[in-house]
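The values are calculated or read from the model by the stated rules, or taken from the named source; none is laboratory data. All values derive from a computational prediction rather than experimental measurement. So basically every Cβ, Gly included, is an ideal-geometry build from the backbone, and we count neighbours across all protein chains shown.
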């Protein structure tokens with residue numbers, strides 16, 4: 001019969017708070033986990049969005065600066081073309097004619113150099129490698145070099161390479177540091193040499209070389225362009241000056257001065273290939289893009305020193321070809337590089353988090369309130385369901401089994417026990433003088449008396465036994481026993497003894513007794529109804545015997 005027991009009505013009241021907290025904790029913890037997952041996903045998404053935005057902004061900035069550099073080189077090429085229109089020396093000229101041309105070139109070159117601060121040196125070199133005109137920019141000013149200080153450059157690599165240029169081709173050297181007397185000039189003077197072979201049509205219509213123009217461009221101007229900020233470049237608060245490396249991976253403008261010009265000082269390890277191989281690998285595969293490592297994100301853009309493509313109008317492009325020095329190869333150029341550490345992305349995401357903290361706090365508060373509401377609803381619903389199931393088989397007043405439970409659950413089970421000869425006993429109890437107490441003191445007192453009666457009966461039995469209220473003041477007690485005769489006598493004494501003490505019902509102290517009749521299944525009863533009838537009959541005899549004693 002143990003499986004028929006369900007919690008008593010009094011225990012349902014005690015479990016209300018426990019049920020609420022049980023469901024609240026489960027729901028709130030589930031919500032908290034989902035909230036943390038959602039928050040984490042939102043934060044990671046935000047970091048990814050910040051990262052993508054920064055990459056897009058940096059890419060736009062790099063393209064802008066790449067165009068600035070190409071425009072700068074295009075300006076040099078334009079200057080060379082202008083200079084190429086000046087009179088040229090011709091070996092067939094008389095010395096007087098040559099001196100006249102040299103004087104004109106010297107004057108024109110000097111005016112040009114004084115008006116154009118982009119250059120450190122401008123030279124006209126004849127086909128034999130002799131400097132015929134040279135204008136130098138020095139700290140004291142810009143001067144035409146005296147004839148006795150002019151040099152022969154026929155053994156210099158740039159002279160030999162410029163001689164091979166076809167009409168319209170422009171020579172460009174490596175961007176490096178100027179060297180004086182075999183040593184790197186201090187302070188550093190970044191330099192690019194550009195040259196143009198000069199051709200003129202002879203009388204027979206053949207285009208013949210007449211000499212070359214060579215300029216030493218002060219490449220510091222290009223490096224300064226990296227510091228230029230422009231609205232089109234989408235300058236950002238955290239944006240540092242851009243970095244620049246050549247196509248061999250050597251830093252020309254790095255994050256530290258120590259990184260720069262490694263090839264000029266025989267420091268091969270100060271190279272992107274060695275320092276950041278992942279970045280170098282990405283740059284070899286594409287002219288533009290980004291790569292991420294454990295430090296942050298590098299964004300890069302390649303600027304070709306061989307082919308310039310410039311926007312000269314809304315829908316017009318102009319392409320200019322250059323011939324890089326053979327020392328650097330045909331694909332020589334420079335990489336513009338921007339870098340953002342992971343801290344930048346996290347910092348920006350944290351700012352967004354602070355801006356949205358009210359929304360997150362509101363969402364968390366709503367989740368907390370929703371958890372309370374759901375827990376309250378579910379716990380109350382479960383209590384209602386338990387109450388419904390409880391009342392289906394339990395007496396609503398006393399909490400013991402009801403007549404419905406007796407008829408539907410216990411009777412079939414006890415009939416099986418009888419059929420299988422399992423020993424058990426049934427005690428029929430009736431509260432003596434209940435009706436007068438109920439009539440005189442009121443139904444409220446009578447109900448309390450029945451509750452106390454049920455409690456005392458439950459306290460007198462074992463966990464495997466059960467108490468049933470048939471109705472009014474009539475109860476059944478069913479208990480299993482191997483020695484039904486001896487146990488019945490003991491049960492009779494125990495059931496009566498629990499009522500020896502008076503009952504305190506509000507302001508009343510009531511001396512209540514019960515009449516008990518016990519029937520054993522071993523008495524050849526054919527059914528539980530017959531067994532209950534025997535117990536009822538014996539209870540009646542017990543009641544009569546008690547009246548006779550009291551009289």
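Quick notes on this structure:
- Scanning segment 247-270 for residues that are surrounded by 13 or more Cβ atoms within 10 Å (Cβ to Cβ) and either modelled with pLDDT under 90 or touching a helix residue (DSSP H, G or I) at 6+ places or on another chain (Cβ under 6 Å) (or both) returns 249, 250, 251, 253, 254, 255, 259, 270.
- Only one of the numbered conditions (1) free of Cβ contacts under 8 Å to residues at least 12 places away in the same chain; (2) surrounded by 18 or more Cβ atoms within 10 Å (Cβ to Cβ) is not met by residue 99, and that is (2).
- Scanning segment 196-208 for residues that are buried (at least 17 other Cβ atoms within 10 Å of the Cβ) and either touching a residue at least 40 places away in the same chain (Cβ under 8 Å) or not assigned by TED's automatic domain parsing to the domain that holds residue 91 (or both) yields 196, 198.
- Residue among 105, 80, 110, 86 that alone is surrounded by 13 or more Cβ atoms within 10 Å (Cβ to Cβ), touching a helix residue (DSSP H, G or I) at 6+ places or on another chain (Cβ under 6 Å) and under 21 Å from residue 194 (Cα atoms): 86
- Every pair of residues 6+ apart whose Cβ atoms lie under 9 Å, when the first sits in segment 532-551 and is closer than 12 Å to residue 514 by Cα while the second is at pLDDT below 85: 542/492
- Filtered by the rule that a residue be farther than 18 Å from residue 193 by Cα and touching a residue at least 24 places away in the same chain (Cβ under 8 Å), segment 113-126 gives a lone residue, 114.
- Qualifying residues in segment 135-156 (those that are under 59 Å from the mean Cα position of the chain (by Cα) and surrounded by fewer than 13 Cβ atoms within 10 Å (Cβ to Cβ)) - the one nearest to residue 209 (Cα to Cα): 138
- Residue count for segment 401-429, restricted to those that are at pLDDT below 90 and assigned to a loop (DSSP other than H, G, I, E, B): 4
Yes or no, residue by residue, for (1) surrounded by 18 or more Cβ atoms within 10 Å (Cβ to Cβ); (2) out of contact with any helix residue (DSSP H, G or I) (no Cβ under 6 Å at 6 or more places or on another chain); (3) at positive phi:
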| position | (1), (2), (3) |
| --- | --- |
| 436 | no, yes, no |
| 440 | no, yes, no |
| 444 | no, yes, no |
| 449 | yes, yes, no |
| 452 | no, yes, no |
| 466 | yes, yes, no |
| 473 | yes, no, no |
| 476 | yes, yes, no |
| 479 | yes, yes, no |
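- Test: residue in segment 314-336 that is over 25 Å from residue 173 (Cβ atoms), at pLDDT 90 or above and surrounded by 19 or more Cβ atoms within 10 Å (Cβ to Cβ): no
- For residue 385, the conditions (1) touching a residue at least 24 places away in the same chain (Cβ under 8 Å); (2) assigned to a helix (DSSP H, G or I); (3) farther than 30 Å from residue 43 by Cβ all hold with the exception of (1).
- Qualifying residue in segment 64-73 (condition: farther than 16 Å from residue 305 by Cα and in contact (Cβ under 8 Å) with a residue 60 or more places away in the chain): yes
- Meets criteria (assigned to a strand (DSSP E or B), without any contact (Cβ under 8 Å) to a residue 60 or more places away in the chain and over 14 Å from residue 426 (Cβ atoms)) for residue 504: yes
- Of all residues in segment 523-543, none satisfies being part of a strand (DSSP E or B), in contact with a helix residue (DSSP H, G or I) (Cβ under 9 Å, 6 or more places away or on another chain) and buried (at least 18 other Cβ atoms within 10 Å of the Cβ).
- The residue that is surrounded by the most Cβ atoms within 10 Å (Cβ to Cβ), among those in segment 1-47 that are at pLDDT below 50 and assigned to a helix (DSSP H, G or I), is 9.
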